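Engineer: I'd like to ask some things about the structure below.
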Amino acid sequence: MDAYELITRNAEEVVTDEEVRELAAEPEGKRVYVGYEPSGVLHLGHLLTANKLIDLQEAGMDVVVLLADVHAYLNGKGTFEEIRETAEQMRAQFLAYGLDEERTEFVYGSEYQLDEEYTLDLHTLELATTLNRAQRAMAELQSGEAAKVSHVVYPLMQALDIEYLDLDLAVGGLDQRKVHMLAREELPELGYEVRPCLHTPILADLTTGVGKMSSSEGVTISMEDSTEEIEQKVNSAFCPPTRDPEPDEDGNERENPVLELFEYHVFPRFESVTVERPEKYGGDLTYDDYEELAADLESGELHPADAKSTLATYLDELIAPGREKLREFRD
């Protein structure tokens, strides 16, 4: 796999392909970032973008992880002291998960977001950006939550972070697209260059396949889950024998979350996947890539129950080092 294929593997969107190809031609030492609001234990949503960061390190790029303490403060996630403690816990988990410590720089937003130059640039962005445009870039609010001024400032800061972290590439889930587009529109107004972006997919809800997997709604898998909890959650997951399920009774489109987790979490981290089965059920199956496994599920060669038990085993192996680090941190 060449650098471009590794950089763009499992990306839902590349903005723009031409810019990313230029980066891929000489990736060594280029700087890529993802920002995370310190909000608790890492879950599969965090780890999907972390998988992409590991790809980018393998391609030769240096990773910057923004532990966005000021952002978290603006979102009402506690005092700076409380947020810092959570951020340090997340840092330890990311490294345990597989990020290369020598090629990963962890930065607190408060290290530069409170400086005069950043603050003045932020005010310039506020002057240049209409309220409607900033609202379109806002994160979705929880049901019943009233929008505050901080919610509108938040995406402007995210856009400005891309310049102040001296980046060559921005990475985020597809829900960050609106922020990255805001940055590409508004940063030139401050005399700054635009950067390319990669967007990773949004995982479907584990139990229904509808909407997105969320730690605040429904079921997700996190680094504090035990082996037994992972098995229980995966065994209860929606997994029809197809990668394109029929809509639910309300007409909502569904995905197969079990296949998504194989595609975006397991196969990027393991050279092959073995499904262990008794000889009377056909014996073990070994897959070198995701497409082979998905095809066998659709053909009936691979039973959904066997797919689930195998997924639980591999997810547990990925999560175990972070789970142990979390215990050490708390002790």
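The values are calculated or read from the model by the stated rules, or taken from the named source; none is laboratory data. Predicted model, so just to flag it, every value in this text is computed and none were measured. So basically every Cβ, Gly included, is an ideal-geometry build from the backbone, and we count neighbours across all protein chains shown.
Engineer: Scan the stretch 103-150 residue by residue and report those that are touching a Gly at 6+ places or on another chain (Cβ under 9 Å) and either exposed (fewer than 15 other Cβ atoms within 10 Å of the Cβ) or on the phi > 0 side of the Ramachandran plot (or both).
Structural biologist: Answer for the stretch 103-150, where residues must be touching a Gly at 6+ places or on another chain (Cβ under 9 Å) and either exposed (fewer than 15 other Cβ atoms within 10 Å of the Cβ) or on the phi > 0 side of the Ramachandran plot (or both): 148, 150.
Engineer: I need a count of the residues in the stretch 262-303 that are assigned to a helix (DSSP H, G or I) and in contact (Cβ under 8 Å) with a residue 40 or more places away in the chain. Reasoning before the result, please.
Structural biologist: The initial filter retains those residues of the stretch 262-303 that are assigned to a helix (DSSP H, G or I), namely 262-266, 279-281, 290-299.
The next check asks that each one be in contact (Cβ under 8 Å) with a residue 40 or more places away in the chain; those that pass are 262-266, 294, 297-298.
So the count comes out to 8.
Engineer: Taking the stretch 68-82 only, how many residues are out of contact with any strand residue (DSSP E or B) (no Cβ under 7 Å at 6 or more places or on another chain) and in a loop (DSSP other than H, G, I, E, B)?
Structural biologist: Filtering the stretch 68-82 for residues out of contact with any strand residue (DSSP E or B) (no Cβ under 7 Å at 6 or more places or on another chain) gives 70-82.
Next cut, in a loop (DSSP other than H, G, I, E, B) only: 75-79.
So the answer is 5.
Engineer: Would you mention how many residues in the stretch 288-299 are closer than 18 Å to residue 240 by Cβ and either at pLDDT below 95 or touching a Ser or Thr at 6+ places or on another chain (Cβ under 7 Å) (or both)?
Structural biologist: Total satisfying the criteria: 1.
Engineer: Now, a different point. Among the residues of the stretch 251-261, are any in a helix (DSSP H, G or I), surrounded by 13 or more Cβ atoms within 10 Å (Cβ to Cβ) and charged (D, E, K, R)? Spell out how you get there, then give the answer.
Structural biologist: From the stretch 251-261, those in a helix (DSSP H, G or I) are 257-261; that's our starting set.
Those still in the list that are surrounded by 13 or more Cβ atoms within 10 Å (Cβ to Cβ) too: 257-261.
The next check asks that each one be charged (D, E, K, R); those that pass are 260.
Yes, there is a match, as at least one residue in the stretch 251-261 is in a helix (DSSP H, G or I), surrounded by 13 or more Cβ atoms within 10 Å (Cβ to Cβ) and charged (D, E, K, R).
Engineer: Then there is this: Scan 72, 50 and give me the residue that is hydrophobic (A, V, I, L, M, F, W, C), in the same structural domain as residue 179 (by TED's automatic domain parsing) and free of Cβ contacts under 8 Å to residues at least 40 places away in the same chain.
Structural biologist: Working: 50 fails: free of Cβ contacts under 8 Å to residues at least 40 places away in the same chain.
When all the criteria are applied, what remains is 72.
Engineer: How many of the residues in the stretch 182-211 are in the same structural domain as residue 156 (by TED's automatic domain parsing), more than 18 Å from the chain's Cα centre (by Cα) and of a type outside the set (Ser, Thr, Tyr)?
Structural biologist: Selection size over the stretch 182-211: 13.
Engineer: Just give me the residues in the stretch 182-193 being over 21 Å from residue 24 (Cα atoms) and surrounded by fewer than 16 Cβ atoms within 10 Å (Cβ to Cβ), in sequence order. First the steps, then the outcome.
Structural biologist: So in the stretch 182-193, the residues over 21 Å from residue 24 (Cα atoms) come out as 182-183, 185-192.
Correct list: 185, 188, 189, 190, 191.
Engineer: Please find, within the stretch 73-102, the residue that is nearest to residue 50 (Cα to Cα) out of those that are charged (D, E, K, R) and surrounded by fewer than 16 Cβ atoms within 10 Å (Cβ to Cβ). Walk me through how you get there before you give the answer.
Structural biologist: Initial filter on the stretch 73-102 (charged (D, E, K, R)): 77, 81-82, 84-85, 88, 91, 100-102.
In the following step, the residues that additionally are surrounded by fewer than 16 Cβ atoms within 10 Å (Cβ to Cβ) were identified as 81-82, 85, 88, 100-102.
Working: 81: 25, 82: 23, 85: 20, 88: 16, 100: 11, 101: 13, 102: 16 Å.
By that ranking, first place goes to 100.
Engineer: Is the stretch 6-15 home to any residue that is in contact with a Gly (Cβ under 9 Å, 6 or more places away or on another chain) and touching a residue at least 60 places away in the same chain (Cβ under 8 Å)?
Structural biologist: Looking for residues that are in contact with a Gly (Cβ under 9 Å, 6 or more places away or on another chain) and touching a residue at least 60 places away in the same chain (Cβ under 8 Å), one finds at least one in the stretch 6-15, hence yes.
Engineer: Given (1) out of contact with any helix residue (DSSP H, G or I) (no Cβ under 7 Å at 6 or more places or on another chain); (2) of a type in the set (Phe, Trp, Tyr); (3) modelled with pLDDT of 95 or more, where does residue 281 come up short, assuming only one miss?
Structural biologist: Failing condition for residue 281: (3).
Engineer: May I pose another question? Which one of 325, 308 is in a helix (DSSP H, G or I), among the basic types (Lys, Arg) and modelled with pLDDT of 95 or more?
Structural biologist: Details: 325 fails: modelled with pLDDT of 95 or more.
That would be 308, the only listed residue that is in a helix (DSSP H, G or I), among the basic types (Lys, Arg) and modelled with pLDDT of 95 or more.
To keep it simple, each residue is scored yes or no on (1) modelled with pLDDT under 95; (2) hydrophobic (A, V, I, L, M, F, W, C); (3) assigned to a strand (DSSP E or B); (4) under 22 Å from residue 154 (Cβ atoms).
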position: 21; (1), (2), (3), (4): no, no, no, no
position: 28; (1), (2), (3), (4): no, no, no, no
position: 38; (1), (2), (3), (4): yes, no, no, yes
position: 51; (1), (2), (3), (4): no, no, no, no
position: 66; (1), (2), (3), (4): no, yes, yes, yes
position: 113; (1), (2), (3), (4): no, no, no, yes
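Engineer: Quick one: would you say residue 160 is outside any strand (DSSP E or B), surrounded by 13 or more Cβ atoms within 10 Å (Cβ to Cβ), in the same structural domain as residue 13 (by TED's automatic domain parsing) and over 24 Å from the mean Cα position of the chain (by Cα)? Don't jump to the end; show me each part of the working.
Structural biologist: Numbers: outside any strand (DSSP E or B): yes; surrounded by 13 or more Cβ atoms within 10 Å (Cβ to Cβ): yes; in the same structural domain as residue 13 (by TED's automatic domain parsing): yes; over 24 Å from the mean Cα position of the chain (by Cα): no.
Against the criterion (outside any strand (DSSP E or B), surrounded by 13 or more Cβ atoms within 10 Å (Cβ to Cβ), in the same structural domain as residue 13 (by TED's automatic domain parsing) and over 24 Å from the mean Cα position of the chain (by Cα)), residue 160 does not qualify.
Engineer: Checking residue 137 against (1) out of contact with any Asp or Glu (no Cβ under 9 Å at 6 or more places or on another chain); (2) modelled with pLDDT of 95 or more, only one condition comes out false. Which one?
Structural biologist: (2)
Engineer: Let me ask something else. Go over the candidates 35, 45 one by one and state the one that is small (Gly, Ala, Ser), crowded, with 20+ Cβ neighbours inside 10 Å and closer than 15 Å to residue 170 by Cα.
Structural biologist: Working: 45 fails: closer than 15 Å to residue 170 by Cα.
Answer to the selection: 35.
Engineer: While we're on this one: With 125, 198 as the choices, which residue is in contact with a Leu (Cβ under 8 Å, 6 or more places away or on another chain), assigned to a helix (DSSP H, G or I) and either over 25 Å from residue 25 (Cβ atoms) or of a type outside the set (Val, Ile, Thr) (or both)? Can you show your working first?
Structural biologist: Values: 198 fails: assigned to a helix (DSSP H, G or I).
Matching residue, one of 125, 198: 125.
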